[in-house]
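Below is one structure, written out as C-alpha cells; comments come after it.
The values are calculated or read from the model by the stated rules, or taken from the named source; none is laboratory data. Please read these numbers as outputs of a predicted model, since none were measured by experiment. Reconstructed Cβ throughout: ideal geometry from the backbone, glycine too, with neighbour counts over all protein chains shown.
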Amino acid sequence: MTNQISKQKNTKKIVLVVEDDTNVQKIYKSLLTQEGYEVSITDTVDKACDLLSKNMVDLYNLKGREEEIIIFKKINEINKKIQDIKNGRKN
C-alpha cells in the first residue's frame, strides 16, 4: 500500500511511514489521520527515498536495514536544506 504525498499546499504536517506489514500500516494511517496528520505509507526504504526525493515530509517513521536508514536520513537532511534555501532561510 503506497500513498502519494499530496502536492497541494497544506497546513497539515506530513508523516511518511515505512512499514511492510499492511495491518500495521492501517493502524498508523488511522491513528495519525485522527491526530490531524497527512499520512503517506510505503513498504520499503527504497520507495520512501523515492518519495522523499520528490516531496518534503515533516516526520517519518521507518524500519529497515541500518544502511538504508542512514541513506534515507541523509536524503531528508538534504531536502530540508534545499527547502530552507528556497524559502530564504540560512542554516
1 or more residues in contact with an Asp or Glu (Cβ under 7 Å, 6 or more places away or on another chain) and either charged (D, E, K, R) or modelled with pLDDT of 70 or more (or both): qualifying helices (runs of 4 or more DSSP H) within the chain: 22-34, 45-54
First in the range 44-58 and surrounded by 14 or more Cβ atoms within 10 Å (Cβ to Cβ), second anywhere and among the aromatic types (Phe, Trp, Tyr), Cβ under 8 Å, 6 or more apart: 45/72; 48/60; 48/72; 49/72; 52/60; 52/72
